[in-house]
Amino acid sequence: MLRTSVIVLAVTLWSCKANATDTIGLGTLPCSRYSQKLEPEYGAQYLEWIMGWLSGFNAARLATGRSPINLDKMKLDAMLEFVQRYCGTHPNETVARASLELVGQIANH
């Protein structure tokens, strides 16, 4: 009985780790929802999430000895326009994926 309980516990813990997510909050929503929620009360929330994600991206780069991307290379309005355009053409992708694509745009800007 104890052996079975240990095996069940181990499998449960392993499956939780395998299903761990790397993104939480608004970034997990599909782009189709982002495109629908651009009213002022939602737009500010998405803006805050995207800016936090970009800051976290840079923090992760610094923590691993890489240089951060220069977020000043692109104006905030242009960043949001990019995310809106990306989401409009990729409705099944997540806002986090759009943010990752934004990183590439900023780096090449």
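Every number here is computed from the coordinates shown, using simple stated rules; none is lab data. In this text, all values refer to a predicted model and were calculated from it rather than measured experimentally. With ideal geometry, Cβ positions are generated from the backbone for all residues, glycine too; neighbour counts draw on all protein chains shown.
Some observations on this one:
- Here the gap between Lys75 and Thr89, fully extended at 0.36 nm per residue and compared with their Cα-Cα distance, gives a gain of 2.9 nm.
- Database remark: amide H of Thr94 closer than 5 angstrom to the amide H of Cys31 (H placed geometrically; neighbours at sequence offset of 5 or more, or on other chains; Pro and chain starts carry no H).
- Residue exposure sequence - Met74, Met79 - by fewest surrounding Cβ within 10 Å: Met74, Met79
- In loop segments of the range 39-82 as defined by DSSP, the trypsin sites (Lys or Arg not before Pro) with at most 13 further C-beta atoms inside 10 Å of their C-beta are Arg66, Lys75.
- When only Cα pairs below 8 angstrom with a gap of at least 6 residues are kept, the range 25-107 shows a relative contact order of 50 percent.
- Other residues whose C-beta falls under 13 angstrom from the C-beta of Val103 contribute a net charge of +3, scoring Lys and Arg +1 and Asp and Glu -1.
- Footprinting exposure proxy ranking of Tyr46, Tyr86, fewest other C-beta atoms within 10 angstrom first, gives Tyr86, Tyr46.
- For the range 37-109, alpha-carbon Rg over 2.2 N^0.38 Å: 1.10
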